[in-house]
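Down below is the structure, laid out as structure tokens.
Values in this text are rule-based calculations from the coordinates and carry no lab data. Keep in mind the model is a prediction, meaning the values are calculated, not measured. As a convention, Cβ positions derive from the backbone with ideal geometry for all residues, glycine included, and neighbour counts pool all protein chains shown.
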């Protein structure tokens, strides 16, 4: 079955810096890769996703890149703001298997 | 867009008691339905998923079970809760012809 590894587990940045979170997956048949943001005590919310026929996708300060050959994908957040502080999860496969999460802290 | 209703929002149950969490989905037909569990400060563990009425796949063997009596209704149950069953339970749904998963508000379960 699919296995998704995510790193780092925690990430601390200064406001305005960029943050990058990386995930690797094992099942080469996986063709859908979403990212979710979860604030404390709340449900995960989809923030961006990418499909296997696309290498990069951007939405304002957020971008996701996919390298199918190497079986990894990354979330890029530019110009980070305190409200970006949350836990971020990557996922892969049709029935989503999630990474362990990255706790991002953005310090003013 | 689809809306996911999940209840109860919080509950405290003694060890050995039964459990029933319910989830209903609006705004879509024949959705794929999922139950995830999240222990405190941990990741999302897929427990069950269903592609249709009466069709349940289990990802992790445990003392929990799931049922889908109607197209847009998904129920998570246990006959006897364990302390390790404590956590944040999330119902989720995706369209039959799509990949994007949306989550319900979640249910906080504390087993004492």
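Nearest-5 percent of antiparallel DSSP beta bridges in chain A? Can you show the working numbers first?
On the way: 35 of 40 bridges.
Bridges in chain A that DSSP calls antiparallel: roughly 90 percent.
Report the FRET efficiency, 1/(1 + (r/R0)^6), for residue A:59 and residue A:83, where r is their Cβ-Cβ distance and R0 is 22 Å, rounded to 0.05. Mind dumping the intermediate values first?
On the way: r = 16 Å, r/R0 = 0.71.
Step by step, r from the Cβ atoms, then E = 0.90.
Calculate the FRET efficiency for residue A:51 and residue A:14 from the Cβ-Cβ distance with a Förster distance of 45 Å, rounded to the nearest 0.05. The partial results should precede the final answer.
Values: r = 33 Å, r/R0 = 0.73.
With a Förster radius of 45 Å, E is 0.85.
By average Cβ neighbour count within 10 Å, what is the ranking of B:14-22, B:35-43 from highest down?
Values: B:14-22: 13.9, B:35-43: 17.4.
Ranked from most to least packed, the peptides come out as B:35-43, B:14-22.
Is the shape of region B:36-85 rounded, prolate or oblate, going by the alpha carbon gyration tensor and its root eigenvalues a ≥ b ≥ c, with a/c under 1.5 for rounded and a/b larger than b/c for prolate? Walk me through the intermediate numbers first.
On the way: a/c = 2.28, a/b = 1.60, b/c = 1.42.
Note, shape of region B:36-85 comes out prolate.
How far apart, in nm, are the 7 Å Cα→Cβ label points at residue B:39 and residue A:3?
So the two model labels end up 1.9 nm from each other.
What is the order of A:77, A:50, fewest Cβ neighbours within 10 Å to most?
On the way: A:77 25, A:50 20.
Sorted ascending by nearby Cβ count, the order is A:50, A:77.
Once Rh for the protein assembly as shown is found with the Kirkwood sum over Cα pairs, what is the Stokes-Einstein diffusion coefficient at 10 °C and 1.306 mPa s, in µm²/s?
Working: Rh = 18.0 Å.
For these conditions, the coefficient is 88 µm²/s.
Kirkwood hydrodynamic radius, region B:60-106, all distinct C-alpha pairs: what's the number in Å? Numbers along the way, then the final one.
Values: mean 1/r = 0.0793 Å⁻¹.
Roughly 12.6 Å, rounded to one decimal.
For chain A, modelled as a Gaussian network with Cα springs under 10 Å, which listed residue fluctuates most, A:20, A:64, A:54?
A:54
Report the per residue volume, in Å³, of the convex hull enclosing the C-alpha atoms of chain A. Mind showing how you got there, number by number?
Details: hull volume 9.7 nm³, N = 108.
Considering the Cα atoms of chain A, their hull volume per residue is 90 Å³.
Within 10 Å of each Cβ in B:95-106, how many Cβ atoms from other chains are there, averaged over the peptide? Mind dumping the intermediate values first?
Numbers: counts 0, 0, 0, 1, 11, 5, 10, 4, 7, 1, 2, 5.
Per-residue shielding by partner chains comes out at 4.
What is chain A's relative contact order, in percent, from Cα pairs under 8 angstrom and six or more apart in sequence? Present the calculation step by step, with values, prior to reporting the outcome.
Working: 274 pairs, mean separation 40.8, N = 108.
Relative contact order of chain A: 38 percent.
Please state the Cα pair-distance histogram of chain B with 10 angstrom bins from zero: what percent is in each bin?
15, 51, 29, 5, 0
Please tell me the relative contact order of region B:4-112 in percent, rounded to the nearest whole number, where contacts are Cα pairs under 8 Å and at least six residues apart.
On the way: 279 pairs, mean separation 41.4, N = 109.
Once divided by the residue count of region B:4-112, the mean separation gives 38 percent.
Which residues in region B:37-64 have a backbone N closer than 14 Å to a point placed 7 Å from the Cα of residue B:100 along the Cα-to-Cβ line?
none
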